[in-house]
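Quick notes on the structure that follows.
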Amino acid sequence: MTDAELAPTTAPGVMPATPAALPGGVLVPGHGSGPEDTRRHNLSAILTAVHHRPGVTRAELTRLTGLNRSTVLKVVAELVEGELVHEVSPSEHTGRGRPSAHVYPARDVAALAVYPDLDAVTVGVIGLGGSLLGRLRRSTGGHARPDEIIALVGELVSELLASLQEPVVIVGAGCAVPGLVRAADGVVVDAPHMDWHDVPFGAMLSEALGLPVQVRNDARVATVAEAVFGAGRGIADLVYLNGSYSGIGGGAISSGATLRGRDGYGGEFGHTRVDGGREHCHCGRTGCLETEVNLRRLMAALGKDEVDLPDLDKEIADARGRPEVEAELDRQIGILAGAIGDLASIFNPSVVVLGGALGSLVAAEPERVAAAVAADSFAPMSGGLQIVRAALGSRVHLVGAAEVFMLAYLRDPAQLAERVAALRRAA
Ligand SMILES: [Zn+2]
């Protein structure tokens with residue numbers, strides 16, 4: 001399987017036949033010069049659009065992909081034949097012209113998603129269309145050694161698949177890990193909170209599940225999820241930042257492609273330095289964004305040892321007006337705004353999506369965050385910049401991990417149809 005990053009696969013000197021910002025905004029299908037390349041490109045463009053927008057009409061597919069009506073008709077028919085999509089006739093006429101059929105992805109084609117963390121392991125089944133068909137989460141009991149996590153994942157996956165209402169074919173697995181992950185081979189180079197160093201987790205997981213696996217950093221898969229199915233839906237240029245107990249993670253989508261970097265490490269925005277920071281960071285530096293805009297420091301101001309992230313909004317709201325809380329909110333919002341201003345200068349995004357604890361900061365003081373970003377930015381970079389809260393909540397890592405896996409197949413739907421047919425025959 002080819003690498004599943006979102007980088008364009010357009011051959012040098014060949015312009016893509018479709019706009020860079022496809023539905024979902026993050027996939028630029030490959031496009032070469034031969035008829036096979038054109039066929040693969042067209043299948044990819046249509047299946048991707050249906051996957052990102054289940055129920056899209058054939059008329060909308062024409063508009064979204066730039067392909068003409070007869071090509072859309074032919075390509076949809078081929079995907080129906082391959083049982084990757086199905087069409088639903090419109091139930092009523094609007095009276096203006098012929099109504100267009102709605103196209104949905106197959107209900108039974110899915111990927112597993114695996115999210116190991118220090119305290120718990122979560123597994124999910126994500127269907128085409130990004131729907132979460134089932135999820136199980138179980139405490140690690142503090143046992144986060146890679147082999148222990150693999151054993152737990154195996155148990156959870158068996159239980160989860162047995163519990164599903166309808167049978168699915170699992171084409172592979174995506175995995176999100178809170179640490180540095182080498183994209184090419186799925187090696188977790190450094191996950192400090194779990195004390196993993198150079199762990200070949202992708203190979204271990206692939207062997208245990210008997211499936212092809214893609215492993216990525218958790219914040220990077222969350223960036224993809226928010227860009228495709230969440231708060232950044234349809235946005236070709238966005239920056240994502242998430243705050244949790246393990247620090248600040250992030251990612252960027254630029255002109256429809258994910259920021260990746262040489263090894264897949266690009267996007268460690270939590271380890272960019274901020275003005276006046278004095279705290280030592282586990283990365284070996286001092287004054288990183290994540291040591292300054294920090295959930296534990298916010299907790300200390302709130303007088304709490306630990307708060308579940310979904311409860312953080314309420315904890316902050318209940319503590320408003322207390323001087324130490326206001327001062328800490330002010331301090332963190334000011335530093336975060338400066339960091340967003342820097343990211344705006346680097347990436348010129350349309351939208352900055354804030355997740356986890358950072359979502360709670362922006363929800364507590366949306367105007368103050370926007371004003372601070374505007375005041376602390378190179379003005380043309382922040383004009384029209386939207387700062388929004390992440391939309392996918394706790395399912396963001398599962399949806400993103402599955403999406404990162406599916407991307408390779410979305411590039412080559414004929415290969416996906418072959419694999420799905422083989423799996424259905426074997427079932
Ligand atoms: Zn750092």
Here, GluC sites (Glu not before Pro) of segment 298-348 satisfying both criteria (DSSP loop; at most 11 other Cβ within 10 Å) are 306
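Probe radius 1.4 Å, ligands and nucleic acids ignored: give me the carbon and sulfur share of the accessible area of the chain as a rounded percent. Intermediate values should be presented prior to the final figure.
Working: 9380 of 18460 Å².
Carbon-and-sulfur percentage of accessible area, whole number: 51.
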Other-chain or far-sequence residues with amide H under 5 Å of residue 86's (modelled H): 104, 106
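Rolling a 1.4 angstrom probe over the protein heavy atoms, how many square angstrom per residue are accessible across segment 270-396? Before the final figure, lay out each step's value.
Numbers: 6150 Å² over 127 residues.
That works out to 48 Å² for each residue.
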Kindly provide the helix-only [θ] at 222 nm of the chain, computed as the sum of -39,500 (n - 2.57) over DSSP H runs of four or more divided by all residues, to the nearest 500 deg cm²/dmol? -12500 deg cm²/dmol
If one takes the longest principal axis of the Cα atoms in the chain, at what angle in degrees, from 0 to 90 and to the nearest 10, does the Cα axis of helix 396-411 lie? 40 degrees
Can you list the HN-Hα couplings for segment 412-420, worked out from phi with the Karplus curve (6.51, -1.76, 1.60; θ = phi - 60°), rounded to whole Hz and with x for Gly and Pro? 9, x, 5, 5, 5, 4, 4, 5, 5
State the antiparallel share, in %, of DSSP beta bridges confined to segment 232-391, rounding to the nearest 5. 50 percent
Provide the per-residue ³J(HN,Hα) series for segment 150-164, in order, calculated from phi with Karplus coefficients 6.51, -1.76, 1.60 and θ = phi - 60°, each as a whole number of Hz, with x at glycine and proline positions. 4, 4, 5, 4, x, 4, 5, 5, 4, 4, 5, 5, 5, 8, 5
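Rounded if a/c is under 1.5, else prolate if a/b beats b/c, else oblate: with a ≥ b ≥ c from the C-alpha gyration tensor eigenvalues square-rooted, which is segment 232-391?
Numbers: a/c = 1.63, a/b = 1.38, b/c = 1.18.
Verdict is prolate for segment 232-391.
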Taking the alpha-carbon centre of each part, the distance from segment 364-392 to segment 229-300 in Å is 16 Å
Antiparallel content of DSSP bridges confined to the chain, in %, to 5: 65 percent
Candidates per trypsin sites (Lys or Arg not before Pro) in segment 296-368, loop by DSSP, up to 13 other Cβ within 10 Å: 320
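Taking 8 Å as the Cα distance limit and 6 or more residues as the minimum spacing, I'd like the relative contact order of the chain as a percentage.
Numbers: 892 pairs, mean separation 76.2, N = 427.
With pairs under 8 Å counted, the relative contact order is 18 percent.
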Any idea what log10 I(q)/I(0) is at q = 0.13 Å⁻¹ for segment 161-211, Debye with uniform C-alpha scatterers and no solvent? -0.40
Each residue of segment 301-313 in turn: what ³J(HN,Hα) in whole Hz from Karplus with 6.51, -1.76, 1.60 and θ = phi - 60°, glycine and Pro shown as x? 5, 6, x, 10, 7, 7, 9, 5, 3, x, 8, 5, 3
Place the peptides 370-378, 124-132 in order of packing, highest mean first, counting for every residue the other Cβ atoms within 10 Å and averaging per peptide. 124-132, 370-378
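The values are calculated or read from the model by the stated rules, or taken from the named source; none is laboratory data. This structure is a prediction, so every number in the text was calculated from the model and none was measured. Glycine gets a Cβ as well: all are built from the backbone with ideal geometry, and neighbour counts include every protein chain shown. Just so you know, the surface numbers come from the protein's heavy atoms only, side chains and all, with ligands and any DNA or RNA stripped out. Shrake-Rupley method; radii C 1.70, N 1.55, O 1.52, S 1.80 Å.
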